[in-house]
Amino acid sequence: MDISRQSIMQLQCTKPDKVKVLKEEINVFSWKDLLYYFPYRYTDRSKIHKISEIDGRSMPFIQLKGKIFRYEYLGEGKSRRLSAVFDDGTGVIELIWFRSLTWITKMYKLGREYILFGKPSTFRLSTPSGSSLERISIIHPELEEENKFYEGVIGIQGEYSTTEKMKKVSLHSRTIKQMIIEILENIKEPLSETLSREIINEYKLISLDEAIRNIHFPKSNDLLQEAQYRLKFEELFYLQLSILSAAKHREKHIDGFRFKEIGENFYFLKNNLPFELTTAQKRVVNEIWKNMNTGKQMNRLLQGDVGSGKTLIALLSILLATDNGFQGAIMVPTEVLAIQHYETISRMLNGSAIKVSLLTGSTKNKLREEMLPKVKSGEIQILIGTHALIEDSVEFNNLGLVVVDEQHRFGVTQRAKLWNKNSNPPHVLVMTATPIPRTLAMTIYGDLDVSIIDELPPGRKPVDTYHRYDEKRDKIYEYVRKEIQKGKQVYIVYPLIEENEKIDLTNLQDGFQAVSKVFPEYNICMVHGQMKPEEKKQEMQKFLSGEAQIMVATTVIEVGIDVRNASVMIIKNAERFGLSQLHQLRGRVGRSTEQAVCILMTNHELSEDARKRITIMTNFNNGFIIAEEDLKLRGPGSLNGIKQSGFDSNLKIARLSQDGDILDYTRNLARRILDDDPNLEKPQNILLKQHLNKWNIENKAEWLSIS
Ligand SMILES: Nc1ncnc2c1ncn2[C@@H]1O[C@H](COP(=O)(O)OP(=O)(O)OP(=O)(O)O)[C@@H](O)[C@H]1O
């Protein structure tokens with residue numbers, strides 16, 4: 001049975017609201033999509049405990065088999081709760097529910113056998129005689145009838161991630177699991193293969209059918225690992241096949257624009273710079289120019305630590321395009337950064353004849369209507385913006401070079417859309433401050449060349465970084481005041497605490513109030529992601545111009561913000577940030593020859609990992625070292641699953657940072673197959689071609705398809 005053809009209509013008939021949420025929240029449109037919606041973590045539930053053995057203090061979770069034999073309502077008002085007694089023959093414990101009490105007594109019948117799973121908590125009760133007694137309870141336990149579940153509930157159990165919206169229509173992990181059970185029970189024949197017999201044999205993979213069944217309902221830990229391996233292999237193989245076949249196609253069929261001239265625009269900027277380019281910058285400009293002069297399309301990654309002068313290189317490269325009669329575009333991940341680039345670049349080009357414009361999601365319609373025809377006619381030579389640049393309405397006259405200031409925030413497809421704006425693709429320069437291992441980079445960006453700026457502008461000093469506990473607040477503010485008196489500017493950064501926009505905003509506003517009280521004599525500006533663009537621009541401007549001495553901000557300032565006079569950064573709740581984010585943030589200071597200081601503030605309750613991150617930050621300034629330490633800390637995947645890193649957002653199961661081996665195997669395999677059969681026409685490759693085209697469509701990468 002080809003489940004990919006079967007639509008999710010059947011479910012639609014009975015539960016349309018659930019189907020709608022599935023589509024909108026997790027891109028599940030068909031049964032097949034649901035089978036490829038994998039658990040994000042697993043819990044080992046192979047053991048059934050005995051109540052007589054439970055130690056409520058040291059056991060994070062317990063699983064019991066027994067019966068409920070009494071329900072009782074206790075308490076009043078907010079503390080009203082339903083209490084039940086659960087007996088497994090070796091003892092009794094109490095079960096407690098605080099909300100939605102009525103359905104529970106109907107759903108879980110007295111005297112029937114259940115498998116119970118939950119976290120035990122211990123309560124100390126005073127007895128009438130004055131002594132105290134310990135009682136073990138489980139609040140909101142999970143209860144299942146044993147025979148109701150696929151392969152039973154005992155064993156390794158997957159958990160599916162759900163969003164708030166999903167929960168609102170009762171799409172909990174359990175419901176998803178139940179839906180998957182139904183699909184699997186209805187599929188009588190093995191799922192049809194997506195990899196050829198040769199590949200399966202050579203790499204000793206398990207079949208797709210076995211992999212899908214075991215990824216959802218693992219029969220054993222070994223089979224779970226084999227299933228994960230097989231599905232990661234498949235995913236990375238098609239990713240590589242897609243990227244490499246597109247690269248081959250490009251190489252064969254696409255000529256690159258040739259930028260022969262180094263003309264007046266380039267020299268205008270170079271001659272007006274108040275400083276010399278560093279040796280590394282000179283080398284990189286040369287590499288880029290040579291590349292754009294070969295007649296081949298450039299696809300280049302520019303790596304350089306924070307503050308190493310990448311933006312300047314981007315601009316010089318774009319001027320080479322304009323010198324040769326082409327347009328250039330810069331796409332950045334945030335509006336704040338787009339505005340800043342626009343302003344810096346306009347300032348640098350002031351006095352030249354070059355026309356630069358800014359286009360973001362919030363550019364007013366009237367302005368947009370005036371601007372777009374000028375982009376189409378070629379009058380506007382440089383367009384800077386956010387992903388508003390990839391909208392269909394934006395047409396260029398002759399786009400020669402696209403610079404993507406990456407920071408891993410754009411997906412492969414978004415980038416591709418921008419360089420599909422000409423019949424002939426423009427040269428592409430991707431900038432990143434996060435060093436990426438080469439294989440990883442190749443996977444994300446395709447076949448590409450790499451330029452590295454491995455030198456900071458002269459006179460830069462490492463940022464002195466300290467860790468301080470919150471109670472030292474007053475001393476820190478005293479220090480801040482002294483620095484401002486010396487003419488310096490200060491960033492105070494607040495993290496996103498609740499992942500809830502309203503609460504985060506309240507946190508930031510409270511922070512702003514508190515800082516304003518401490519420094520009534522200074523101007524303080526505030527920037528966060530939910531501000532209206534005009535307001536954001538004004539607040540940024542206050543800091544850029546020096547009118548405001550302190551900027552209170554969220555991580556919107558993380559990428560690219562460049563205020564050279566800012567030399568102090570205070571990061572509140574630093575334990576909540578990841579390493580690369582801390583490094584990016586810290587990179588906002590120390591951008592001149594002045595000594596800069598970064599203070600990481602935390603409370604005393606630090607996890608071991610957070611403590612390590614803070615120590616790494618106080619010990620190292622070099623982005624390459626920090627990236628390595630970061631990879632080490634995040635370590636290989638475990639049963640508990642790991643939060644997706646930015647690179648992986650398009651992948652369902654593989655993690656590029658952890659699956660390096662599989663990445664290498666699949667890359668070599670894809671290369672070998674394409675070298676031998678570039679159009680995948682040989683009989684043994686027909687299946688691969690079919691799946692590659694399907695993969696490209698599903699991943700909205702039609703542009704990568706081979707004909
Ligand atoms: N060769 C140089 N000598 C002195 N200053 C320089 C040099 N090159 C760039 N700068 C200045 O250093 C600062 C940082 O440069 P730029 O913003 O280009 O860095 P970046 O690599 O893009 O940084 P980030 O990754 O943090 O965004 C800017 O103020 C820029 O004008």
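Counting only residues that are surrounded by 13 or more Cβ atoms within 10 Å (Cβ to Cβ) and either at pLDDT 90 or above or within 15 Å of H583 (Cβ to Cβ) (or both), the range 474-494 holds 13 of them.
With respect to the conditions (1) at positive phi; (2) in contact (Cβ under 8 Å) with a residue 12 or more places away in the chain, K204 lacks only one, and its number is (2).
Please pick out the residue among Y238, Y267, Y203 that is away from the ligand (no atom under 16 Å from the Cβ), within 27 Å of I453 (Cα to Cα) and of a type outside the set (V, I, T).
Y267
Checking each residue in the range 655-671 for being basic (K, R) and farther than 21 Å from N685 by Cβ picks out only R655.
Screening S83 against (1) under 24 Å from S170 (Cα atoms); (2) assigned to a loop (DSSP other than H, G, I, E, B) leaves a single unmet condition, (2).
Among residues of the range 308-317 being among the aliphatic types (A, V, I, L, M) and over 14 Å from E287 (Cα atoms), the one that is nearest to the ligand (Cβ to nearest atom) is L312.
Among the residues of the range 536-586, those identified as assigned to a helix (DSSP H, G or I), away from the ligand (no atom under 13 Å from the Cβ) and over 27 Å from the mean Cα position of the chain (by Cα) are Q538, E539, Q541, K542, F543, S545. If we keep just the residues of the range 584-627 that are over 19 Å from P495 (Cβ atoms) and of a type in the set (A, V, I, L, M), which is surrounded by the fewest Cβ atoms within 10 Å (Cβ to Cβ)? Residue satisfying both the conditions and the ranking: I625. Filtered by the rule that a residue be part of a loop (DSSP other than H, G, I, E, B) and not acidic (D, E), the range 587-603 gives G587, R588, V589, G590, R591, S592, T593, Q595, A596, N603. Of all residues assigned to the range 219-234, at least one qualifies as being outside any loop (DSSP other than H, G, I, E, B), within 30 Å of I452 (Cβ to Cβ) and modelled with pLDDT of 95 or more. One residue stands out in the range 270-302 among those that are assigned to a strand (DSSP E or B) and of a type in the set (A, V, I, L, M): the one that is farthest from the ligand (Cβ to nearest atom), namely L301. Residues of the range 99-125 that are under 28 Å from D44 (Cβ atoms) and at pLDDT 85 or above: I104, M107, Y108, R112, E113, Y114, I115, L116, F117, G118, K119, P120.
The criterion of being among the acidic types (D, E) and surrounded by 22 or more Cβ atoms within 10 Å (Cβ to Cβ) holds for E234.
Only one of the numbered conditions (1) touching a residue at least 12 places away in the same chain (Cβ under 8 Å); (2) more than 10 Å from the ligand (Cβ to nearest atom) is not met by D305, and that is (2). Among all residues of the range 347-355, there is none that is touching a Lys or Arg at 6+ places or on another chain (Cβ under 9 Å) and assigned to a strand (DSSP E or B).
State yes or no: is S346 within 16 Å of the ligand (Cβ to nearest atom), without any contact (Cβ under 8 Å) to a residue 24 or more places away in the chain and small (G, A, S)?
yes
The values are calculated or read from the model by the stated rules, or taken from the named source; none is laboratory data. Note that this is a predicted model, so its numbers are computed, not measured. Cβ: placed from backbone, ideal geometry, glycine included. Neighbour counts: every protein chain shown.
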